[in-house]
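Inspection log for the structure reproduced underneath, given as structure tokens.
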Amino acid sequence: MRVKDKICVLTGAASGIGRATTKLFFEEGAFLVISDIDEDGLEETYNLLENAEERVSLMKVDVRKPEEVKKMIEFAIKKYGRIDVLIVNAGVVRVGPVDEFSDEDYELLIDVNLKGTYYTCKFAIPYFKKQKCGSIITLASVAAHIGQVNHANYCSTKAGVLGFTKALALDMAPYNVRVNSVSPGATNTPMLQSDVAKQARDRGVEYEVVKKEFEQEGVLGRWAEPEEIATGILFLATDDASYMTGADLRLDGGWTTR
Ligand SMILES: NC(=O)c1ccc[n+]([C@@H]2O[C@H](COP(=O)([O-])OP(=O)(O)OC[C@H]3O[C@@H](n4cnc5c(N)ncnc54)[C@H](O)[C@@H]3O)[C@@H](O)[C@H]2O)c1
């Protein structure tokens, strides 16, 4: 068991990569505080785990709201006395040409992807500094590395997450806390499915046409399953990655190697 008895806090656990990561960390022996804005989805995740009540707590948290994020971190500290792994996963995608983008969607991207990442780390950092160990893992994206058509605003938030992660790694190194990001490529989750469906609608083409295009972006020619991203997150959480900090793990099927 690779994270046996480790205390892990994870945002965005109701779906996709967050759900797969919760399942993997649970199987690998972790104690988890999982959160999401979507309470029903969070319960679905919880119900997938056998005897979850022994090792998993769930909390409805909107990462846009600092007071809720703070409560989650304080809950984990009160219950367990420390946080070994913080997985900053909650995120949203909105796509469209910049000149037609709604300010509402723009603010949502900034609030969830950037401010949410900042708040989640901000409230946990004082505890990490005190305990002088631990691992923080953020979710960047291929969109942090390359441009994608109609994704300018999403790309800017994920490039922001990447920059934030690298700089935070410097700040936390004196405290023996590693800070890394994961950059998934096209991963088969509700987020990607809704992105593909919107692009298909906007362009007046079949869902399968856009899906195929995304599959061809990576040299492996297929989407990742969320479990394949979870294994990368697990690696960064363990001592197998003990000399990695400020790094970005690209799990993108070769998309950014082209
Ligand atoms: N799926 C992909 O292809 C892909 C590619 C690159 C990066 N990512 C990143 O991976 C992460 C997980 O994405 P996913 O594909 O699993 O998406 P998903 O939509 O399946 O899951 C995202 C989760 O975040 C939650 N969430 C959204 N807004 C929130 C808020 N304000 N507060 C708390 N929780 C909130 C959602 O309810 C959902 O459960 C995101 O940060 C995403 O940007 C995904």
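Could you tell me the relative contact order of the chain? Use alpha-carbon pairs under 8 Å, at least six residues apart, and round to a whole percent.
On the way: 510 pairs, mean separation 50.6, N = 258.
With pairs under 8 Å counted, the relative contact order is 20 percent.
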request  = Mind telling me which of 16, 185, 29 comes out most flexible in a GNM of the chain, alpha-carbon contacts under 10 Å?
outcome  = 29
query = For residue 60 and residue 198 in one chain, what is 0.36 nm times their gap in residues minus the Cα-Cα distance, to one decimal in nm?
reply = 46.9 nm
ask   = Ranking 46, 119, 207 by Cβ neighbours within 10 Å, fewest first, what do you get?
value = 207, 46, 119
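To the nearest 0.05, how large is the calculated FRET efficiency for residue 106 and residue 38 if R₀ is 22 Å and r is the Cβ-Cβ distance? Spell out each step's value before the answer.
On the way: r = 22 Å, r/R0 = 0.99.
Approximately 0.50, to the nearest 0.05.
Using a Förster radius of 22 Å, what is the FRET efficiency between residue 256 and residue 152 based on their Cβ-Cβ separation? Nearest 0.05, please.
Values: r = 17 Å, r/R0 = 0.79.
It comes out at approximately 0.80.
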query = Taking 0.36 nm per intervening residue step and subtracting the Cα-Cα distance, what contour gain separates residue 173 from residue 207 on full extension?
reply = 7.7 nm
inquiry  = Loop by DSSP (not H, G, I, E, B), at most 12 other beta-carbon atoms within 10 Å: where is the longest site-free stretch of the chain for GluC sites (Glu not before Pro)?
reply    = 51-205
request  = Would you order 114, 236 from fewest to most other beta-carbon atoms within 10 Å of each residue's own beta-carbon?
outcome  = 114, 236
note = With -39,500 (n - 2.57) per DSSP H segment of 4 or more residues and division by the full residue count of the chain, the 222 nm estimate, nearest 500 deg cm²/dmol, is -14500 deg cm²/dmol
request  = Within the set of other residues whose C-beta is less than 11 Å from the C-beta of residue 205, count the net charge using Lys and Arg as +1 and Asp and Glu as -1.
outcome  = 0
key: Placed amide H near residue 136: partners under 5 Å, 5+ positions off or other chain   = 86, 178, 179, 180
remark   = Exposure proxy check on 162, 32: fewest-to-most Cβ neighbours within 10 Å is 162, 32
request  = Pairs to check: 78/129; 23/158; 65/166; 60/129; 70/122. Give those whose C-alpha atoms are more than 19 Å from each other in this structure.
outcome  = 23/158; 65/166; 60/129
note = Computed for the range 71-150: size of charge dipole around the Cα centre, +1 on C-beta of each Lys and Arg, -1 on C-beta of each Asp and Glu, debye to nearest 20, value 1000
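Give, as a single signed number, the net charge of other residues whose beta carbon lies under 13 Å from the beta carbon of residue 142, with Lys and Arg counted +1 and Asp and Glu -1.
Values: positive: 158, 250, 258; negative: 195, 217, 248, 252.
My count for the surroundings of residue 142 gives -1.
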ask   = How big is the charge dipole of the chain about its Cα centre, in debye rounded to the nearest 20, if each Lys and Arg gets +1 on its Cβ and each Asp and Glu gets -1 on its Cβ?
value = 1100
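None of the figures in this text is laboratory data; all of them are computed from the coordinates on show. What you see is a predicted model; the values in this text were computed from it and never measured. Every residue, glycine as well, gets a Cβ built from its backbone with ideal geometry; the counts of neighbours run over all protein chains shown.
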